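This report concerns only the one structure given below.
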Amino acid sequence: MIRRGKQQRGFTLLEVLIALAVLAIALAAAIKGVSSHVSNLSYLKERSLAHWVGLNVLTELRVSGQWPKSGEIKGDETMAGREFKWLVKVTEVKGSDVRRLDVKVTPEDDDDRPLTTMVAYIGKPPS
């Protein structure tokens, strides 16, 4: 038996297409957000490692007991499987027994993109 008096219920093709379009836009935004988050996480990890490298360099200069001469000290270090280059510029502070240390840490393959820079002061060790 077919009842002709009742109207069929359901979605029209247009309604289904609009729903799919909204879903596609929402999924694209979610994927972009997750991708951005992963990229930022990787960058922050690299910056954190570079910061630790800089702190290690400063600590080694402080505990060495040596009085660094004015000029530049260069080196490289491996941290968590990553290679970093560091540069320390030592300058005299006029009128005192203090030296200023400007540290710059960069990735091994990109000297123009410092991941971290820091400034420290070191006093002349007792004789």
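For this structure, a couple of remarks:
- Share of pairwise Cα-Cα distances greater than 12 Å in region 50-97 is 68 percent (whole percent).
- Lysines whose Cα lies under 22 Å from that of Lys74, excluding same-chain neighbours fewer than 8 positions away: Lys85, Lys89, Lys104, Lys124
- Angle of helix 13-63 to the longest C-alpha principal axis of the chain, folded into 0 to 90 degrees and rounded to 10: 10°.
- Taken along its three principal axes, the alpha carbon spread of the chain comes to 109, 30, 23 Å, from the longest extent down to the shortest.
- Converting the Cα gyration tensor eigenvalues of region 5-57 into ellipsoid dimensions via √(5λ) gives semi-axes, longest first, of 52, 7, 4 Å.
- Segments 23-33, 89-99 sorted - mean Cβ within 10 Å per residue, highest first: 89-99, 23-33
- Sequence-distant lysines (8 or more away, or on other chains) whose Cα lies within less than 28 Å of Lys32: Lys45
- Taking a ≥ b ≥ c as the square roots of the eigenvalues of the alpha-carbon gyration tensor, region 62-127 is classed prolate because a/c is 1.5 or more and a/b outweighs b/c.
- 3J(HN,Hα) from dihedral phi, region 97-108, Karplus parametrisation 6.51/-1.76/1.60, rounded to Hz, x for glycine, proline: 8, 10, 10, 9, 10, 9, 9, 10, 10, 10, x, 4
- Distant-in-sequence amide H partners of Leu115 (H built 1.01 Å from N, under 5 Å): Val105, Thr106
The numbers here are math on the coordinates, done by the rules we state, and not lab data. These numbers were taken from a predicted model, which means no experiment stands behind them. Neighbour counts run over all protein chains shown; Cβ positions are idealised from the backbone, glycine included.
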